[in-house]
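Notes to accompany the following structure.
The values are calculated or read from the model by the stated rules, or taken from the named source; none is laboratory data. Worth saying up front: this structure is predicted, and the values here are computed from it rather than measured. We place every Cβ from the backbone using ideal geometry, glycine too, and count neighbours over all the protein chains shown. Accessible surface areas use protein heavy atoms only, side chains included; no ligands, DNA or RNA. Shrake-Rupley method; radii C 1.70, N 1.55, O 1.52, S 1.80 Å.
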Amino acid sequence: MIEKSFAILFFLKKAKGSIKSEAPICMRITVNGVRKEIGTKNYCEPARWNNQAQRAKGTNEKTRTLNAYLDTLARKVQDARQKVLETNKIITAEMIMNVVNGQEEKPHMLLEVFQYHNERIAALANKEYAPATVKRYATTLEHTRSFIAWKYGQIDIEIKSLSFDFVSEFEFWLKSVRNCNHNSAIKYIGNMRKIVNYCMKTGWLSKDPFFGFKMAKKEVVREYLSEDELTSLANKKFNIDRLGQVRDIFLFSCYTGLAFIDVFQLTPASIAKGVDGKQWIFTSRQKTDTLTRIPILPQAQEILNQYKDHPRCINERKVVPILSNQKMNAYLKEIADLCGITKTLTFHIARHTFATTVTLNNNVPIESVSKMLGHKSIKITQHYAKIMDKKVSEDMQALSARLSKRSNQAYVESSVNNEEIHYS
């Protein structure tokens, strides 16, 4: 960043009381009123020094050599200033002097800065960042490290070498080598972009390597259970207790909208009376640390009552005896087969089912659904909550009825008017 004022000054610095005939020649660089001085390791008699020209007087060989050296030093300062200017940093006298003395800044390396960033957010885990966020950035760092080794054969690269090609090739590597789908690749690239933005703000990177790169995600059709599938699942009788238990906990999520980790961490202390005097769930989403308040529907309350005396619930202070996410999903696939559900049943489908079949399809406003899901904006809720054909059909039938009523009313009014005209 260009400075407001810049000056170079050569002068003699004769100490008071000095008996030496020659005084040291010093150089002073001033940037925006701030000075930095160094000695040039050359000397000159005060009588032979021209303050206005800032050079030694005379034409002998010694004088010409001295003045040529000072000219060279002045050019080095100008070159150093230009070099600092090209970094797009705020120029200071000290920075210029460091370049002149060969004491340039240590190059900033991408993975070093990334690691520093990750250490900071890890220190704030469960305070400002969810553990899932910390883990996601750690994974992105490892992907970036592997990509640099694959693409450049290096253990790290300088931040100033980042370019559009780097970002584009990183996307290709994520999709081809790591077999990431498009949206996952964009998520990882988005995490790395935060590091790049930080580098740009600090002045370590002058051009945005993401300029022109498309970060749009592809819309994903999210699976959910229809009303018939939900009823079939709820009414199914299992001969194996563990399958019935897993089914019940899955249904609990279908009627509360809680993700697996939020159900896993739910304790009896999270359940209390709400503003209507009925039982509500008060918790914070693990993923976003967003406060969530959910009125407990009768179906969910029935499951809570069923398992309140379960040994695991008592010993581990849980509201339901939930297993690990991996085991839950494995058993859900078995349950889907037994219930004739052809969809790939995972625990997260319960959250989608709550958003669509249970709430929106029953005319719960999307604003309320968004709050219960713990989303920070309705835009996020719209990705989960897809209006089903049944709801569209009901809305269009209601519209058709209103239009028909208006049409019939207009016909009657027209007929009455025609009769009045005829009799007159």
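Under the condition of being surrounded by fewer than 19 Cβ atoms within 10 Å (Cβ to Cβ) and touching a helix residue (DSSP H, G or I) at 6+ places or on another chain (Cβ under 6 Å), which residue from segment 155-168 is nearest to residue 118 (Cα to Cα)?
Looking at the filtered set, the residue picked out is 156.
Name the residue that is nearest to residue 31 (Cα to Cα), counting only residues in segment 54-107 that are of a type in the set (Val, Ile, Thr) and assigned to a loop (DSSP other than H, G, I, E, B). Before the answer, list the steps.
Residues of segment 54-107 that are of a type in the set (Val, Ile, Thr), as a first pass: 59, 63, 65, 72, 77, 84, 87, 90-92, 96, 99-100.
If we keep only those that are assigned to a loop (DSSP other than H, G, I, E, B) as well, we get 59, 87, 90-92.
Values: 59: 33, 87: 17, 90: 10, 91: 8, 92: 6 Å.
So, considering only residues that are of a type in the set (Val, Ile, Thr) and assigned to a loop (DSSP other than H, G, I, E, B), the one nearest to residue 31 (Cα to Cα) is 92.
Here's the yes/no breakdown for (1) open to solvent by 10 Å² or more (accessible area, probe 1.4 Å); (2) part of a helix (DSSP H, G or I):
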{"position": "222", "(1), (2)": "yes, no"}
{"position": "231", "(1), (2)": "yes, yes"}
{"position": "238", "(1), (2)": "yes, no"}
{"position": "242", "(1), (2)": "yes, yes"}
{"position": "248", "(1), (2)": "yes, yes"}
{"position": "252", "(1), (2)": "no, yes"}
{"position": "257", "(1), (2)": "no, no"}
{"position": "261", "(1), (2)": "yes, yes"}
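Does residue 248 fit the bill of being among the acidic types (Asp, Glu), within 20 Å of residue 351 (Cα to Cα) and over 31 Å from the mean Cα position of the chain (by Cα)?
yes
Could you check, for segment 126-137, whether at least one of its residues is part of a helix (DSSP H, G or I) and within 30 Å of residue 86 (Cβ to Cβ)? Spell out how you get there, then give the answer.
Residues of segment 126-137 part of a helix (DSSP H, G or I): 131-137.
The next check asks that each one be within 30 Å of residue 86 (Cβ to Cβ); those that pass are none.
No; the residues of segment 126-137 include none that is part of a helix (DSSP H, G or I) and within 30 Å of residue 86 (Cβ to Cβ).
Can you name the residue in segment 274-296 that is assigned to a loop (DSSP other than H, G, I, E, B) and open to solvent by 50 Å² or more (accessible area, probe 1.4 Å) and, of all such residues, is nearest to residue 371 (Cα to Cα)?
If we filter segment 274-296 for residues that are assigned to a loop (DSSP other than H, G, I, E, B), which is where we start, we get 274-278, 285-290, 296.
Checking which are open to solvent by 50 Å² or more (accessible area, probe 1.4 Å) leaves us with 275-276, 278, 287, 289.
Numbers: 275: 15, 276: 17, 278: 18, 287: 15, 289: 13 Å.
If we take residues in segment 274-296 being assigned to a loop (DSSP other than H, G, I, E, B) and open to solvent by 50 Å² or more (accessible area, probe 1.4 Å), then 289 is nearest to residue 371 (Cα to Cα).
Restricting attention to helices (runs of 4 or more DSSP H) lying wholly within segment 318-407, give those where 1 or more residues are open to solvent by 20 Å² or more (accessible area, probe 1.4 Å) and either at pLDDT below 85 or touching a Lys or Arg at 6+ places or on another chain (Cβ under 8 Å) (or both).
Qualifying helices (runs of 4 or more DSSP H): 325-339, 366-373, 378-384.
Say whether the condition of being assigned to a helix (DSSP H, G or I) and not β-branched (Val, Ile, Thr) is met by at least one residue in segment 26-42.
If we filter segment 26-42 for residues that are assigned to a helix (DSSP H, G or I), which is where we start, we get none.
The answer is no; no qualifying residue exists.
Hey, any hits in segment 48-59 for a residue that's free of Cβ contacts under 8 Å to residues at least 40 places away in the same chain, aromatic (Phe, Trp, Tyr) and exposed (fewer than 15 other Cβ atoms within 10 Å of the Cβ)?
no
Pairs, please: C-beta under 7 Å, at least 6 apart or cross-chain, first residue within 20 Å of residue 118 (Cβ to Cβ) and assigned to a loop (DSSP other than H, G, I, E, B) and in segment 176-195, second modelled with pLDDT of 95 or more and open to solvent by less than 40 Å² (accessible area, probe 1.4 Å)?
Pairs that qualify, where the first residue is within 20 Å of residue 118 (Cβ to Cβ) and assigned to a loop (DSSP other than H, G, I, E, B) and the partner is modelled with pLDDT of 95 or more and open to solvent by less than 40 Å² (accessible area, probe 1.4 Å), are 178/143; 180/174.
Can you pull out the residues in segment 198-209 that are under 17 Å from the mean Cα position of the chain (by Cα) and exposed (fewer than 13 other Cβ atoms within 10 Å of the Cβ)?
201
I'd like the full set of residues that are open to solvent by 50 Å² or more (accessible area, probe 1.4 Å) and in contact with a helix residue (DSSP H, G or I) (Cβ under 9 Å, 6 or more places away or on another chain), limited to segment 133-145.
Once the filter is applied, which keeps residues that are open to solvent by 50 Å² or more (accessible area, probe 1.4 Å) and in contact with a helix residue (DSSP H, G or I) (Cβ under 9 Å, 6 or more places away or on another chain), segment 133-145 yields 136, 145.
Does segment 264-273 contain at least one residue that is within 20 Å of residue 353 (Cα to Cα), open to solvent by 50 Å² or more (accessible area, probe 1.4 Å) and at pLDDT 90 or above?
Yes.
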